[in-house]
Amino acid sequence: MSAKTPQSAPTTPSRYTGTDFSVSFAGLRFKNPVIAASGTFGYGVEFEDIVSLDRLGGFVVKGLSREPMPGNPPPRMFETSAGMLNSIGLQNIGARAFIDEKLPILQKKKNIEVIANVFGYTTKDYEETIKILNEGEGIAAYELNVSCPNTRHGGIAFGADPTLLEEVVYCAKNVSRRPLIVKLSPNVTSIPRMARAAESAGADAISLVNTFVAMAIDAETRKPRISNIVAGLSGPAIKPIALRMVYEAAHSVDIPVIGMGGITTGQDVIEFMLAGAAAVQVGTANYFDPCATERIVSDVERWCIEHRVKAINDLTGALETEK
């Protein structure tokens, strides 16, 4: 099965003549395919004095749960040679506080798509969190983080078992008033299988990859670098694996795919789109360069103009594999 190219978006005039940078998928329209990833962009408002938010296609707010969560104790971040480990523990203010305190500020921002990342430890957690968020105005879609352990099924992650994945996606979709994007874990034996499970349960799109389970040790103290012992690896180190998984997923389902994993340049964006991504998310790059997303948008625009690309969504799935 070939990757599905997203339906063409209405042509939007760009400050660079000759190229349409807009993309559309899952009933959503983005001015360009560059989206800031969850967990690396706060609630968006923290970056408004650093980044021109209206230059981005959109952003995903950090993971929201039914109740506020304090996260894991430090140390919970560690820089690696080609990326970073983090075990923040999904610290957040809770869905209700997000609607009351953050969303009113975001509603004043024009021409920017806001996606709410949602997580939980039981299916009911996901349902209740989405029900709360349904009350808010100005949220374009939900992104389901399925890398969390299911406390009612022995701690196995929702995204590691196709049956559990189908259950949580189906239940979340049933209560959602907005498009549902499912963020897949890479810590599985078959990405195509999990992508198909999400699709069959009603997902409007999938995003991948989340972080890889990894660890670091301090040889001098003989102790782990992270208090939780294991953590999620992200950054340039995972890009080649993420690219392969995006390619596999895009060729396994008919719903749109959002690619992520080690994106730091405009050319990285192009590579993920050629592999089958309708759009991308930029994560770890925001830590070492708070202006990374805006810079990458400019990189993408220049690349497309230099290569005389008429519509950027024509690149989705356009990888040439025949000799």
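The values are calculated or read from the model by the stated rules, or taken from the named source; none is laboratory data. Quick caveat: nothing in here was measured; it's all calculated off a predicted structure. Neighbour counts run over all protein chains shown; Cβ positions are idealised from the backbone, glycine included.
Select from the range 209-230 the residues that are basic (Lys, Arg) and assigned to a strand (DSSP E or B) and list them in ascending order. Write out each step before concluding.
Step one: filter the range 209-230 for residues basic (Lys, Arg), giving 222-223, 225.
Within the range 209-230, just Lys223 meets the criteria.
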### Summary
Matching residues in the range 238-295 (within 24 Å of Tyr43 (Cα to Cα) and within 16 Å of the chain's Cα centre (by Cα)) number 21
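Take Ile206 and decide whether it is in contact with a helix residue (DSSP H, G or I) (Cβ under 9 Å, 6 or more places away or on another chain), modelled with pLDDT of 95 or more and part of a strand (DSSP E or B). Give the steps one after another, and end with the answer.
Details: in contact with a helix residue (DSSP H, G or I) (Cβ under 9 Å, 6 or more places away or on another chain): yes; modelled with pLDDT of 95 or more: yes; part of a strand (DSSP E or B): yes.
Yes: the conditions hold for Ile206.
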### Task
Please state which of the following conditions Tyr247 fails to meet, knowing it meets all the rest: (1) outside any loop (DSSP other than H, G, I, E, B); (2) surrounded by fewer than 20 Cβ atoms within 10 Å (Cβ to Cβ).
(2)
### Residue among Ser227, Ser207 that alone is surrounded by 20 or more Cβ atoms within 10 Å (Cβ to Cβ) and in contact with a Lys or Arg (Cβ under 8 Å, 6 or more places away or on another chain)
Ser207
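Report whether or not Leu90 is modelled with pLDDT under 95, touching a strand residue (DSSP E or B) at 6+ places or on another chain (Cβ under 6 Å), among the hydrophobic types (A, V, I, L, M, F, W, C) and part of a loop (DSSP other than H, G, I, E, B). Don't jump to the end; show me each part of the working.
Details: modelled with pLDDT under 95: yes; touching a strand residue (DSSP E or B) at 6+ places or on another chain (Cβ under 6 Å): yes; among the hydrophobic types (A, V, I, L, M, F, W, C): yes; part of a loop (DSSP other than H, G, I, E, B): yes.
In short, yes.
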### Query
Among the residues of the range 119-141, which ones are surrounded by fewer than 16 Cβ atoms within 10 Å (Cβ to Cβ) and at pLDDT 95 or above?
Lys124, Lys131, Asn134, Glu135
### Query
Does Ala219 qualify as being of a type in the set (Gly, Ala, Ser), modelled with pLDDT of 95 or more and out of contact with any strand residue (DSSP E or B) (no Cβ under 9 Å at 6 or more places or on another chain)?
yes
### Query
Hey, does the range 173-191 have a residue that's part of a helix (DSSP H, G or I), farther than 20 Å from Thr284 by Cβ, modelled with pLDDT of 95 or more and not β-branched (Val, Ile, Thr)?
yes
### Task
Kindly provide the set of residues from the range 306-323 that are assigned to a loop (DSSP other than H, G, I, E, B) and out of contact with any Ser or Thr (no Cβ under 7 Å at 6 or more places or on another chain), ordered by number.
His307, Arg308, Ala318, Leu319, Glu320, Thr321, Glu322, Lys323
### Task
Please list, ordered by first then second residue, the pairs with beta carbon atoms under 9 Å, 6 or more apart or interchain, first in the range 48-71 and farther than 13 Å from Ile99 by Cα and surrounded by fewer than 21 Cβ atoms within 10 Å (Cβ to Cβ), second among the basic types (Lys, Arg) and modelled with pLDDT under 95.
Glu48/Lys109; Asp54/Lys109; Asp54/Lys110
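Would you be able to tell me the number of residues in the range 125-162 that are of a type outside the set (A, V, I, L, M, F, W, C) and without any contact (Cβ under 8 Å) to a residue 24 or more places away in the chain? Spell out the reasoning first.
Step one: list which residues in the range 125-162 are of a type outside the set (A, V, I, L, M, F, W, C), which gives 125-129, 131, 134-138, 142-143, 145, 147, 149-155, 159, 161-162.
If we keep only those that are without any contact (Cβ under 8 Å) to a residue 24 or more places away in the chain too, we end up with 153-155, 161.
Qualifying residue count, the range 125-162: 4.
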### Query
When you go through (1) free of Cβ contacts under 8 Å to residues at least 60 places away in the same chain; (2) surrounded by 15 or more Cβ atoms within 10 Å (Cβ to Cβ); (3) under 17 Å from Tyr126 (Cα atoms) one by one for Pro179, which number turns out not to apply?
(1)
### Task
Collect the residues in the range 265-304 that are touching a strand residue (DSSP E or B) at 6+ places or on another chain (Cβ under 8 Å), hydrophobic (A, V, I, L, M, F, W, C) and either assigned to a helix (DSSP H, G or I) or surrounded by fewer than 24 Cβ atoms within 10 Å (Cβ to Cβ) (or both), keeping them in residue-number order.
Val269, Phe272, Met273, Ala275, Ala292, Ile296, Val297, Val300
#### Entry: Any hit, the range 306-317, residues being without any contact (Cβ under 8 Å) to a residue 40 or more places away in the chain and closer than 19 Å to Ala36 by Cβ
no
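Among the residues of the range 49-81, write down those that are among the aliphatic types (A, V, I, L, M), under 20 Å from the mean Cα position of the chain (by Cα) and not in a strand (DSSP E or B).
The initial filter retains those residues of the range 49-81 that are among the aliphatic types (A, V, I, L, M), namely 50-51, 53, 56, 60-61, 64, 69, 77.
Subset that is under 20 Å from the mean Cα position of the chain (by Cα): 51, 53, 56, 60-61, 64, 77.
Those that are among the aliphatic types (A, V, I, L, M), under 20 Å from the mean Cα position of the chain (by Cα) and not in a strand (DSSP E or B): Val51, Leu53, Leu56.
Quick check on my filter: what residues within the range 116-164 are of a type in the set (Val, Ile, Thr), more than 18 Å from Gly94 (Cα to Cα) and not in a helix (DSSP H, G or I)? Walk me through how you get there before you give the answer.
Filtering the range 116-164 down to residues of a type in the set (Val, Ile, Thr) leaves 118, 122-123, 129-130, 132, 139, 146, 151, 156, 163.
Checking which are more than 18 Å from Gly94 (Cα to Cα) leaves us with 151, 156, 163.
The answer is Thr151, Ile156.
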